[in-house]
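Notes to accompany the following structure.
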Amino acid sequence: DSDPEPRVIFTSAGRKVKKNGGPVTIGVELSHQSGGDVVVPFLATGTARTPSNYTITPGPLVIKAGTKSAAITVNVADNMLNEDDKTVVVSMGMPTHAVQGKTTMSAVTILNTTPEPAVTFTEASQQVKETAGSATIGVELSAVSGRDVVVPLMVSGTARTPGNYTIT
């Protein structure tokens with residue numbers, strides 16, 4: 001057979017999808033049909049984690065003889081956490097019965113859509129005797145967060161530190 005092997009590429013170098021945006025397909029295409037199955041190994045890396053952020057078509061991908069394309073599916077999961085945007089970077093390995101073309105990496109950016117949780121005190125006020133030792137001021141979130149939450153505090157009133165109290 002004197003025909004050159006087809007080139008295989010990802011049809012897109014990158015896509016963005018919201019957490020609740022459903023599945024994303026990464027097209028894999030040959031420059032021309034092959035007489036044999038083309039096996040395309042791939043590796044998924046990036047900041048997103050499976051299964052909490054996504055699941056992906058198991059590899060390797062096979063483009064059947066006589067066809068020119070197939071797709072890798074990235075199923076985006078909504079873990080209901082407010083967090084940074086995440087990426088799934090799919091890199092093409094060395095194909096069998098084809099050669100790599102120019103686009104051998106495709107990134108899917110998963111955009112955060114979960115709102116930040118509200119922060120509240122567990123009690124509006126407390127009365128504590130001077131001999132009580134300590135008091136705890138409870139703070140809670142309306143939902144679990146995927147990020148550290150920093151709550152700045154401001155203290156006011158007639159009691160003075162360190163004579164009447166100390167605070168962490």
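The values are calculated or read from the model by the stated rules, or taken from the named source; none is laboratory data. Keep in mind that this is a model prediction, so the values were computed, not measured. Counting neighbours? That spans all protein chains shown, and the Cβs are built from the backbone with ideal geometry, glycine included. Ligands, DNA and RNA are excluded from the accessible area calculation, which covers all protein heavy atoms including side chains. Shrake-Rupley method; radii C 1.70, N 1.55, O 1.52, S 1.80 Å.
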>> Taking every pair of distinct Cα atoms and averaging 1/r, then inverting, what Kirkwood hydrodynamic radius in Å comes out for region 1-86?
In response: 14.5
> Carbon and sulfur: what percent of the chain's accessible surface (1.4 Å probe)?
Replying inline: 53
>> For residue 55, project a label point 7 Å along Cα to C-beta. Then give me every residue of region 88-121 with its amide nitrogen under 18 Å of that point.
In response: 88
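So, R0 is 45 Å and r is the distance between the beta-carbons of residue 87 and residue 127; what FRET efficiency does that work out to, to 0.05? Before the final figure, lay out each step's value.
Details: r = 51 Å, r/R0 = 1.13.
Calculated value: 0.30.
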> Using 1/(1 + (r/R0)^6) with R0 = 30 angstrom and r between the beta carbons of residue 164 and residue 142, what's the FRET efficiency to the nearest 0.05?
Replying inline: 0.40
> Of 136, 156, 126, whose Cα points farthest to the positive end of the dipole of region 112-168 (charges on the beta-carbon: +1 Lys, Arg; -1 Asp, Glu; origin at the Cα centre)?
Replying inline: 156
> Heavy-atom accessible area per residue, the chain, 1.4 Å probe: how many Å²?
Replying inline: 66
>> Can you return the aspartates and glutamates within cross-link range of residue 19? Criterion is Cα-Cα under 15 Å, with same-chain partners fewer than 8 residues away left out.
In response: 78, 83, 84, 85, 116
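Tell me the net charge near residue 147. Cut-off is 9 Å between Cβ atoms, residue 147 excluded, with +1 for each Lys or Arg and -1 for each Asp or Glu. Walk me through the intermediate numbers first.
On the way: positive: none; negative: 83, 84, 116, 148.
Summing Lys and Arg as +1 and Asp and Glu as -1 gives -4.
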>> Cα atoms only: what Rg and Dmax, in Å, come out for the chain?
In response: 26.9, 94
>> Skipping prolines and chain starts, which residues have an amide H placed within reach, meaning under 5 Å, of the one on residue 37, given they are 5 or more residues away or on another chain?
In response: 65
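Assuming 0.36 nm per residue, please report the length gained on full extension of the stretch residue 156 to residue 25 beyond their Cα-Cα distance.
On the way: separation 131, 0.36 × 131 = 47.16 nm, distance 5.54 nm.
Once the chain is fully extended between residue 156 and residue 25, it gains 41.6 nm.
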> Cross-link partners among lysines for residue 18, C-alpha distance below 21 Å, same-chain residues fewer than 8 apart left out?
Replying inline: 86
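Determine the sum of side-chain charges near residue 29: Lys and Arg each +1, Asp and Glu each -1, restricted to other residues whose C-beta is under 13 angstrom from that of residue 29. Display every interim value, and only then the final one.
Working: positive: 7, 68, 102; negative: none.
So the environment of residue 29 carries a net charge of +3.
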>> Counting only other residues whose beta carbon sits under 14 Å from that of residue 8, what net charge do I get with K and R as +1, D and E as -1?
In response: +1
